[in-house]
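Bear in mind these aren't lab numbers, they're just calculated from the coordinates by the rules spelled out. Everything numeric here is computed off the predicted structure, so don't read it as measured data. Please note: Cβ atoms are built from the backbone with ideal geometry, for glycine as well, and neighbour counts cover all protein chains shown.
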Amino acid sequence: MGMGAPKRVQIDPTDDWQQLRLRVQFPEQETYELLRPIVLFGQTAAERAEFTGVSERTLDRKADRFDAEGMTSLFPNPARGDDDRRRVPADLRYRILALKAEYPSFRPHEIAAICRRRDDCRVSHKTVQRILIEEPLPSLPKRRYPPYAQIPDGAQRRLAVVHLSFEGWNVASIAGYLETTRPRVYEILHRFFAEDFAGLLDKSHAPKQPARKIDFRAMAAIRRLQANPELGEFRVHAALRQMGIHLSPRGLVAGSWRSTAPSAYHGRPTHCPMSHTRCHSRRPTGTNSGRSIFGTSSTTVSPIRSRSTSSQS
């Protein structure tokens, strides 16, 4: 009686890892073929890693687990029951998924930080990442807070920033979720921690002090004019107008400006910048009156002197 046809295709045995990977059908079988030279023949993890391209640390960890648990280590862990203390509670898992659905840019460690702050539950970022992979995101009806620019009340806008910050959101996540800038978030939090809830109210942007027309150029010009203590407010005002500086004459020679002038003046007074350039209309009274207003010498005789001369004659 002859032998029947073989059920499987016969191939030559090989130790080539790339060829073995093509022949295996199950991931547990692939893991065993990966560990077989280590657990059977004592090959080191470093040598096997160089031959297969798998991390040495991964091979060492899986080999140790195989030595401790046997073939069971090749299979994934069974699902944990609801009574397992290591299992994350269902309500916390939903809040983790809701955070990711509300702001998709969240990273696992940011969600873990919010869970520690808001829910007082220490969850590893790896656990958060596993939950996000295993379960689908819920569909939320709407956002808790609209974008920053769409909140009509200024105090409510700032209060939304404070609420998210106390939940554990960082500044970058708050700015991205509310569609605003990080400097604005920093400013709002700084005002809240410095002034409490009074810092959330709208404040006037008007200057705290009235705008002043005087500047350093005007101050320097006034100081130069006050070097002459004979100048008063109106003369200083007129001199400044000639320089193109328009200030009120009131207070131009106040005590603060007078303090810069010398306490006593010795010698010939300084020429007044506002002195008249034309001669006075008063007629000369003496015979030796010098030059006339036209620059030529004249010998004008006083009418009184001439009347007395004619009476003597």
Query - Which of Trp17, Trp169 has the fewest Cβ neighbours within 10 Å, and the rest in rising order - result: Trp17, Trp169
Query raised in the report: Could you give the dipole magnitude of the stretch 90-134 about its Cα centre, charging the beta-carbon of Lys and Arg +1 and that of Asp and Glu -1, in debye to the nearest 20?
Result: 160
**Report entry** Virtual paramagnetic centre 7 Å along Cα→Cβ of Ser105, amide N under 15 Å, in the stretch 129-159
**Finding:** 147-149
Query raised in the report: What ranking, highest mean first, results for peptides 231-238, 116-123 when packing means the other Cβ atoms within 10 Å averaged over each residue?
Result: 231-238, 116-123
Query raised in the report: Within straight cross-link reach of Lys126, meaning Cα distance under 19 Å, which aspartates and glutamates are found once same-chain residues fewer than 8 apart are removed?
Result: Asp84, Asp91, Glu110, Glu134, Glu135
Query - Cα-projected label distance for Ser55 with Glu230, points at 7 Å along beta-carbon direction, nm - result: 9.4
